[in-house]
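Nothing in this text is a laboratory measurement; each read-out follows from the coordinates by a stated rule. Keep in mind the model is a prediction, meaning the values are calculated, not measured. When we count neighbours, we look across all protein chains shown, and the Cβ atoms used for this are built from the backbone with ideal geometry, even at glycine.
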Amino acid sequence: MTRDDVEPFKQLFVVMAQRMAVPEEKLSGAGSYFLAFQEEDPAIPFECVKTAGLELTRATGATFFPTAPDWLTRAKELQRTTQLASAQRQLTAHKDDNSPHCHDCSDTSWAPLPDTIDPRTGIAVGSVTRCGCVETNPKLQTERLMRQARHAGRQS
Ligand SMILES: [Zn+2]
């Protein structure tokens, strides 16, 4: 979650508190929950936190506001499920599609820069730069996820 998620998070917190009929004076906790999440896993997407939060307060027999660790655990589960599902989709989608998603770097995440002339030698020097698609390129994301999955598999 990012700073931009602070306000939506507070709103979500209020909705959850209302569902659980948590008294007003306990609502001051939104900030500390947010901080706890930030510390524990800054990369957790707000969408997962939201779905997890709503799920936890909707659960039958739920009478207590979820603790930050419980909430985050559920959010992480959701994140993992979503990631795996989309990785799976990417893999299937790319099977018949060999054209690169990014034409700047051909999905290598390194984009060539225009050659520069070295003033001392007069020789054209090629170089590369981190491509702007690094964070968003689905092919690179899929590769990262598959690496993570393999890594997690080895650990357990
Ligand atoms: Zn690229």
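Key figures for this structure:
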{"read-out": "5 angstrom amide H check on residue 110, placed H, neighbours 5+ away", "value": "131"}
{"read-out": "Computed [θ] at 222 nm, helices only, for the chain once each DSSP H run of length n ≥ 4 contributes -39500 (n - 2.57)", "value": "-18000 deg cm²/dmol"}
{"read-out": "For the chain, size of Cβ-based charge dipole, Lys and Arg +1, Asp and Glu -1, in debye", "value": "460 debye"}
{"read-out": "Over region 3-101: Rg over Rh, Cα atoms, Kirkwood Rh", "value": "1.11"}
{"read-out": "Charge-dipole axis of region 3-101 as Lys and Arg at +1 and Asp and Glu at -1 on Cβ define it, positive-most pick from 64, 100, 29", "value": "64"}
